[in-house]
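Written out below as C-alpha cells is the structure these notes cover.
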Amino acid sequence: MKVLLFFLVVFSFNASGQKLDLGKVTKLELLEKKHKKDSTAPATFLFKKGVINFSYTEKDGFSSTTVFKIKLKIYNTAGLKWADFRIPYYIGYKTLNDEYVEIVSAYTYNLEEDKIVKTRVTNEGKFKEKLNENWEVKSVTFPNVKIGSIIELEYKLKSENLSILPEFQFQYNIPVNFAELKTYIPEFYLYTGIRRGFLDLKINQAVESTSLTFQAKVGLTSISKSMQFRQISTDYKIVDVPALVEEDYVNNINNYYGKIEHELQAIRYPDQEPKQMATTWEAVAKSIYEDKDFNSAINQFDYFSNDAKAIINGVSSAEEKTKKVFNFVKNRMSWNNYYGYYPKRKMEDAYKERVGNVGEINLMLISMLRMTGIDANPVLVSTRDNGIALFPNRTLFNYVIAAVNLDEKTILLDATNKHSDFNVLPIRDLNLSGRLIKKDGSSAEIDLMPKSNSKDVVNIVANINEKGEISGKIREQHYDYNALVFRDKYNGISKESYIEKLEERDIGLSITEYDVQNKNDLALPIIENYSFTSNNSVEGISGKMYISPFLFFALTENPFKQDVRQYPVDFAFPNQDKFNISLIIPDGYTVETLPQSKSVSLPSNLGNFKYVISNNGSQVQLLFTLDINQAVIDSDYYEALKKFYKEIVNKQTEKIVLKKT
C-alpha cells in the first residue's frame, strides 16, 4: 500500500530551528479568530515538539524518555473537544517495567478584560484509566476553556522497551503550524525510521560526543560514575501541516496521519560484535508461540475434555466437528471486551466462569479443536482500531483468532462474537493480514480480507394512488457480512425500537406487519418482511407526479466529496446491493418520462452497477445491481470512484414522471 513509506535515517545538513517554547502566549495569539490558511479549522496546533533522550541505570540499563510540548489554539465550539487530552501507554510487558507518563505542566490561557489569565490544571483534571490488559491512558482535562483559549501541555513518557521508540505524530484532523521531533540516540543503538503518511519532513542529523552520569554500587556504598560515548542527534521538522480530512469508508484514519516510528535494527557495544535486533515476523510469531502461557493455553485439554467428547459423540466429519466445537465455545463463553493474545488467568477458571478475553476464548477454541482431531492453529492479528503493523514486533499484535485446515482450505474463526461464522469474522478483525503460527513454530502471512461479495437484496412491490400516496410490501435479505452487521446492531433491541429506526428513513413513512426471520440461524440470511405506507415519496406539480423508484432507499448524496484523497477507500468487505422494484401506477395516469437504463463500471473490475428499467402498461419495473468487488480500493482509483458514485446518485434520484391520461 503506497501510503506506508519506509526510509533509513541518513546524514544531512544542519539547520537552525524556530524558537518556540511554552509560557510565551501573546494577546495577538489569543485574539486570533481563525486559522491563517484554513478558515474552517476548529483548532490548530501552534506547535508540537518532542525530544527523545536516553538514560541509564546500573540495574535496568538504558531506557528512553520522551518529552512532549504542545501549544494549541481553539477557534470555535467544535474545537473545544481538544481541551481533553488522552495519552496511552503500554503496560503489557512481561520482562520490562510498565511505561510511565508524567504530566509536567498543563495550563489554559484566556484574554479577560485585556489581560492574559493563566489557569493551571490541578490534580482533579488528571485521570488514569485502564483501557485493557495491555494499555492504560492518562487523561488531562483543561479548565476554563472557551472559544479563543490557548492550552499548553508538557508531559514525559518513560519506556524500557528500546525495540521501538514512542511514535511522534506530525499531522491531525486540524492544522499543525509547526512540528518537530529531536532524537538523541547513543551510538550503541541503530534505528530505522519508519514513516506513515505523505508528509515531506526535513531531516537533519549529526554525530556528537556526550556523557551520562549514573549511580553504581561498590559493596554497600553508592558512587557516581560517568559514561563517555557518541550519540546521533536527529531533527525531524515540518511547518504548515494541513489537516487530514476524514471521509466515509476509512478503516482507521490513524493509519494515514503523518507520523514517524523507530525500529531497533542493531546493538553495537564497544569491543563486541554487533547484535542484529531487527527481527522477522516468523521470529516474532515463534517467540509468542513458545511462550509458556500461550503454549499451555493451546495444549491444555483436561478442564474441558469430557464436554468436548460429548460434543462430537457420533460425529465423523471434520467440518461438522469444527462446527460443533465452534458453536459450543461461542455459546458457552462471553467476551469481556478485553483484547490480547495471551490468557490473563487460568484457562479452567475462564471456562468455569464462562467469561474471558480474546486470548482465553480463541485459544480455548483452538485447544478444543485440536483435542477433537482438527488441524487448528492460532492467527495473530492487529485489529482495525489498533492500526496496521508496519514492522515485526510482538507488541504490535493485540488479538488472536483460529485457523482451521479443512480439505486444503483455510477457515478463519473468532468465537468472541456470537454472530460470527466460518470465514465471517467480526469487522474489527478485518485489517489486511495476520500471522498464522503452525504447530512446528513456523508461521505464514494470512489474508484476513473477505473475497466474495456479501449481498443485500431488496424486493419492493408497491401501489401509487391518485393522491400520490404509496403503499406496498418490502422484503429485505442480508447475507454473510451484511447479516453479521445486522445481527450485531439489531438483535439486542426490541421490534418497536427497530421499526422506529426504519421509519426514520423518511418523513411520512409508516411501517406495519414487521417480521424478521433467522435472527439466530447463522446458516441462513436475515430476512425482513414488512408493509409500508408513505405520503412523502411522490411530488405533485401541475397535475403530474414525480417519483424516484428507489423511494426512501435512494442514495441522495455522494459519500466522496474531497477533490483528492490520499488514503485508501475501505468498504470492510466486498458487497452487492440488489433492488427488484415493481411500482403499479394509479388509474388515469400513464408514464410520460422514464429514466434510461444504464450500466457503469469501475476500472480493473473493482465494481459496477446496472440500472434496467421498463414500463409495461400500468407497471414500472426496475432492476438495479451494485457490486463493489474489492474490500479496499487504492487512492489511485479515487477520482474514478467519486465519478462512479456520482452516477449512482444521479440514477437513484432520477424521477419517473406520470401524467394524467
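Brief remarks on what is shown
- Only one entry in Met227, Met277 is among the aliphatic types (A, V, I, L, M) and either within 28 Å of Pro378 (Cα to Cα) or without any contact (Cβ under 8 Å) to a residue 40 or more places away in the chain (or both), namely Met277.
- Among the residues listed as Phe68, Phe54, Phe45, the single one being surrounded by 11 or more Cβ atoms within 10 Å (Cβ to Cβ), over 19 Å from Thr141 (Cβ atoms) and either at pLDDT 90 or above or of a type in the set (A, V, I, L, M, F, W, C) (or both): Phe54
- Any hit, region 208-215, residues being part of a loop (DSSP other than H, G, I, E, B) and either without any contact (Cβ under 8 Å) to a residue 12 or more places away in the chain or in contact with a Ser or Thr (Cβ under 8 Å, 6 or more places away or on another chain) (or both): no
- Between Val404, Val358, Val381, Val400, the distinction of being in contact (Cβ under 8 Å) with a residue 12 or more places away in the chain and more than 25 Å from the chain's Cα centre (by Cα) belongs to Val404 only.
- Residue selected from region 266-295 under the condition touching a strand residue (DSSP E or B) at 6+ places or on another chain (Cβ under 7 Å) and among the aromatic types (Phe, Trp, Tyr), by the criterion modelled with the lowest pLDDT: Trp281
- Being of a type in the set (Val, Ile, Thr) and more than 38 Å from the chain's Cα centre (by Cα) holds for only one residue in Ile581, Ile526, Ile613, and it is Ile613.
- The set of residues in region 615-646 that are part of a helix (DSSP H, G or I) and of a type in the set (A, V, I, L, M, F, W, C) comprises Ala640, Leu641, Phe644.
- Number of residues in region 501-515 that are under 17 Å from Asp456 (Cβ atoms) and either touching a helix residue (DSSP H, G or I) at 6+ places or on another chain (Cβ under 6 Å) or surrounded by 17 or more Cβ atoms within 10 Å (Cβ to Cβ) (or both) equals 2.
- Flag if Lys59 is part of a loop (DSSP other than H, G, I, E, B) and either over 21 Å from Asn173 (Cβ atoms) or β-branched (Val, Ile, Thr) (or both): yes
- Residues of region 310-336 that turn out to be touching a residue at least 12 places away in the same chain (Cβ under 8 Å) and out of contact with any Phe, Trp or Tyr (no Cβ under 6 Å at 6 or more places or on another chain), as a count: 18
- Condition met for Ala462 (of a type in the set (Gly, Ala, Ser), outside the structural domain of Val424 (by TED's automatic domain parsing), within 27 Å of the chain's Cα centre (by Cα) and at pLDDT 95 or above): no
- Checked against the criterion of being farther than 30 Å from Lys660 by Cβ and assigned by TED's automatic domain parsing to the domain that holds Gly508, the candidates Lys610, Lys544 yield just one match: Lys610.
- Some residue of region 244-263 being assigned to a strand (DSSP E or B), within 20 Å of Leu165 (Cα to Cα) and over 27 Å from the mean Cα position of the chain (by Cα): no
- For Phe326, the stated conditions do not hold, so it cannot be described as within 29 Å of the chain's Cα centre (by Cα) and within 13 Å of Glu360 (Cα to Cα).
- If you go through region 471-504 and keep only what is among the small types (Gly, Ala, Ser) and without any contact (Cβ under 8 Å) to a residue 12 or more places away in the chain, you end up with Gly492, Ser494, Ser497.
- For region 171-207, filtered to residues that are crowded, with 22+ Cβ neighbours inside 10 Å and in contact with a Phe, Trp or Tyr (Cβ under 6 Å, 6 or more places away or on another chain), the residue that is farthest from Lys36 (Cα to Cα) is Leu181.
- When region 141-175 is filtered for residues that are more than 30 Å from Thr57 (Cα to Cα), out of contact with any Ser or Thr (no Cβ under 6 Å at 6 or more places or on another chain) and not basic (Lys, Arg), the ones remaining, listed by number, are Thr141, Ile147, Gly148, Ile150, Glu152, Phe170, Gln171, Tyr172, Asn173.
- Residue list for region 281-311, filter: among the hydroxyl-bearing types (Ser, Thr, Tyr) and either assigned to a loop (DSSP other than H, G, I, E, B) or crowded, with 20+ Cβ neighbours inside 10 Å (or both): Tyr289, Tyr303
- Within region 473-500, tally of residues that are touching a Ser or Thr at 6+ places or on another chain (Cβ under 7 Å) and assigned to a strand (DSSP E or B): 1
- Pairs with Cβ under 6 Å, 6+ apart, first in region 70-88 and at negative phi, second assigned to a helix (DSSP H, G or I): Leu72/Trp82
- Tally of residues being outside any strand (DSSP E or B), surrounded by fewer than 18 Cβ atoms within 10 Å (Cβ to Cβ) and not polar (S, T, N, Q) across region 647-661: 3
- Complete set of residues in region 312-329 that are over 16 Å from Arg354 (Cα atoms) and either in a helix (DSSP H, G or I) or of a type in the set (Val, Ile, Thr) (or both): Ile312, Val315, Ala318, Glu319, Glu320, Lys321, Thr322, Lys323, Lys324
- Condition check for Tyr481: touching a Phe, Trp or Tyr at 6+ places or on another chain (Cβ under 7 Å) and modelled with pLDDT of 95 or more: yes
The values are calculated or read from the model by the stated rules, or taken from the named source; none is laboratory data. On a predicted model such as this, the values are computed, not experimentally measured, just so you know. Methodologically, a virtual Cβ is constructed for each residue, glycine included, from the backbone with ideal geometry; neighbour enumeration extends over all protein chains shown.
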